[in-house]
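See structure below.
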Amino acid sequence: MLSRSSFTSLVVGVFAVYVAHTCWVMYGIVYTRPCPAAAAGGAAGCIWPYLARRPKLQLSVYTTTRSHIGAENNIDLVLNVEDFDIESRFERTVNVSVPKKTRNNGTLYAYIFLHHAGILPWHDGKQVHIVSPLTTYMVPKPEEINLLTGESDTQQIEAEKQTNALDEPVSHWRSRLTLNVMVEDFVFDGSSLPADVHRYMKMVQLGKTVHYLPILFIDQLSNRVKDLMVINRSTTELPLTVSYDKISLGKLRFWIHMQDAVYSLQQFGFSEKDADEVKGIFVDTNLYFLALTFFVAAFHLLFDFLAFKNDISFWKKKRNMIGMSTKAVLWRCFSTVVIFLFLLDEQTSLLVLIPAGIGAVIELWKVKKALKMTIKWQGIRPKIQFGTYNDSEKKTEEYDTQAMKYLSYLLYPLCIGGAGYSLLNVKYKSWYSWLINSFVNGVYAFGFLFMLPQLFVNYKMKSVAHLPWKAFTYKAFNTFIDDIFAFIITMPTSHRLACFRDDVVFLVYLYQRWLYPVDKSRVNEYGESYEERPKKKAHRE
């Protein structure tokens, strides 16, 4: 069996290989090898850019309810950009007529054509086009009301009255359409054409050379949930913002891979909102900060794993609660479960929700260890038994109870007052939502106060040797990483502020570790050495 140190080394080694492999894959995505014959002045096997001829182009955007069109019948022209300049970015907002079929939960498609100026798209043999749905299906956001007065937003009530059931997906309008054209005069090697770009390319034979027509791309990552609008049956027109910007080959390939990754997540069960959180990471940050985010996220996963592993290992070997605040353990369990339920109620990203759920399960197990609970089954009925505390544990419990007594005078009025204020002034989906929000606001705002009992026990015992410092160290690293994620991943504001609050808590623990240094060879007042390891040598007289 592997020792703990060798297992940790193995995990770190696998992590290093994973990071190196990821860097190599990313390099392969953003770098494309040009055609070697082009540098030598040859043309054999090379695919040349049609844009190098500087043709005069026109951009046309049509809408239709059909996913395939063969002519100009039953389509509407919503945007026409003559003398289209591929180097100049623009943004225009147009009003789009919404057909009756679309208003009845149907789909509306946008056909984007890039063709020669003065020629209709279907008469131009060198046109390129791409199709994108302007609608998507999503469950509407539940109505929020004042629980005492029943007041709600009029607009929201009107929208929901026109939907059959709130738990059924309805058609939403994508109010943004982001277009890109790859503008580099890049010469591809026909024998090693990247598969990701190939599916967006259209080839034509011009004389003895093969050219690829302009690569038109729709940036689906820019389609955010915040830009979606519910399509009502009375809606006849909706705004559509069409924006354009040029794109380099490296960014194009990277964006194609990211869109494919988001699509794969949706196929595995990620909702539109979950996928939107991932999109936000890519769209709302620049590429350099995004690269930093990848490395930060990788280290976050590593520290999460090591923290969970060391925390479980510490509590698995724990034989008593000497020096440990039982009430702090109970509070940590309660707060972790409440935060998980709150994130679940707020439909937070799975990137935040899954680690919170794992942490809640671990905290429940630690409560079982702290209270020395054993569960025995009598048929189908469980019987819970609690163990007894020795004299040293009772002394620790006395310190713990003393700290909680003074803490309750401050904490309970603040939590009750905050819950009453939110009931009067804030709208909620249900009484359950108000209850969870009240609990979690108390946890986020005053949760650090519940760390005081453990700090008080440390102060009374003048020792911190009983704490799981390895797990604390990994959690401290993750706390500072969470500060970075607080600005990247969408999450409730109270959860974002709690990330910074945890920094203060860890700094206090570090101060106590400096104040009460640990001598690993010294046997403490309870006859046990550091981390409760049994003495290996007999006591010498």
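Here are a few things to note about the model shown:
- Within region 374-388, being touching a residue at least 12 places away in the same chain (Cβ under 8 Å), touching a strand residue (DSSP E or B) at 6+ places or on another chain (Cβ under 9 Å) and open to solvent by 70 Å² or more (accessible area, probe 1.4 Å) holds for one residue alone: F386.
- Residues that are outside any helix (DSSP H, G or I) and open to solvent by 60 Å² or more (accessible area, probe 1.4 Å) within region 347-373 comprise just one, Q347.
- Inter-residue pairs, beta-carbon under 8 Å, first over 16 Å from R54 (Cα atoms) and in region 110-129, second among the acidic types (D, E) and surrounded by fewer than 17 Cβ atoms within 10 Å (Cβ to Cβ), 6+ apart: L120/E72; W122/E72
- Every residue from region 211-249 that is among the small types (G, A, S) and surrounded by 15 or more Cβ atoms within 10 Å (Cβ to Cβ): S222, S243
- Residue in region 320-329 that is part of a helix (DSSP H, G or I), among the hydrophobic types (A, V, I, L, M, F, W, C), open to solvent by less than 60 Å² (accessible area, probe 1.4 Å) and not assigned by the TED database to the domain that holds T22 present: yes
- Inclusion of S313 among residues that are modelled with pLDDT under 75 and outside the structural domain of F254 (by the TED database) is not warranted.
- Test: residue in region 83-91 that is part of a strand (DSSP E or B), in contact with a Gly (Cβ under 8 Å, 6 or more places away or on another chain) and closer than 22 Å to I215 by Cα: no
- Verdict on T401 being modelled with pLDDT of 75 or more, in a helix (DSSP H, G or I) and under 23 Å from K318 (Cα atoms): yes
- Candidate set: region 97-129, residues that are among the β-branched types (V, I, T) and closer than 17 Å to L59 by Cα; chosen: the one most open to solvent (accessible area, probe 1.4 Å): I119
- Scanning region 407-416 for residues that are without any contact (Cβ under 8 Å) to a residue 24 or more places away in the chain and either outside the structural domain of L455 (by the TED database) or closer than 16 Å to V440 by Cβ (or both) turns up just one, I416.
- Of the strands (runs of 3 or more DSSP E) lying entirely inside region 206-314, the ones with 1 or more residues being of a type in the set (K, R) are found at 237-247.
- Wholly within region 131-205, strands (runs of 3 or more DSSP E) carrying at least 1 residues that are at pLDDT 65 or above and over 28 Å from K100 (Cβ atoms): 176-182
- Scan region 80-96 for residues that are surrounded by 12 or more Cβ atoms within 10 Å (Cβ to Cβ) and out of contact with any Lys or Arg (no Cβ under 9 Å at 6 or more places or on another chain) and the total you get is 7.
- Of the criteria (1) more than 32 Å from the chain's Cα centre (by Cα); (2) open to solvent by less than 50 Å² (accessible area, probe 1.4 Å); (3) more than 23 Å from T336 (Cβ to Cβ), which one S408 fails: (3)
- Of all the numbered requirements in (1) more than 27 Å from T326 (Cα to Cα); (2) modelled with pLDDT of 75 or more, G418 misses one, and that requirement is (1).
- Members of region 65-79 found to be over 21 Å from V183 (Cβ atoms), open to solvent by less than 90 Å² (accessible area, probe 1.4 Å) and modelled with pLDDT of 90 or more, listed by number: V78
- When the test is whether a residue is in a loop (DSSP other than H, G, I, E, B) and touching a residue at least 12 places away in the same chain (Cβ under 8 Å), N105 passes it.
- Condition check for D391: modelled with pLDDT of 75 or more, acidic (D, E) and surrounded by 12 or more Cβ atoms within 10 Å (Cβ to Cβ): no
The values are calculated or read from the model by the stated rules, or taken from the named source; none is laboratory data. Being a predicted model, the structure only gives us computed values, none of them experimental. For neighbour counting, all protein chains shown are included, and Cβ atoms are generated from backbone atoms with ideal geometry for every residue, glycine included. These area figures cover heavy atoms from the full protein model, side chains too; ligands, DNA and RNA do not enter into them. Shrake-Rupley method; radii C 1.70, N 1.55, O 1.52, S 1.80 Å.
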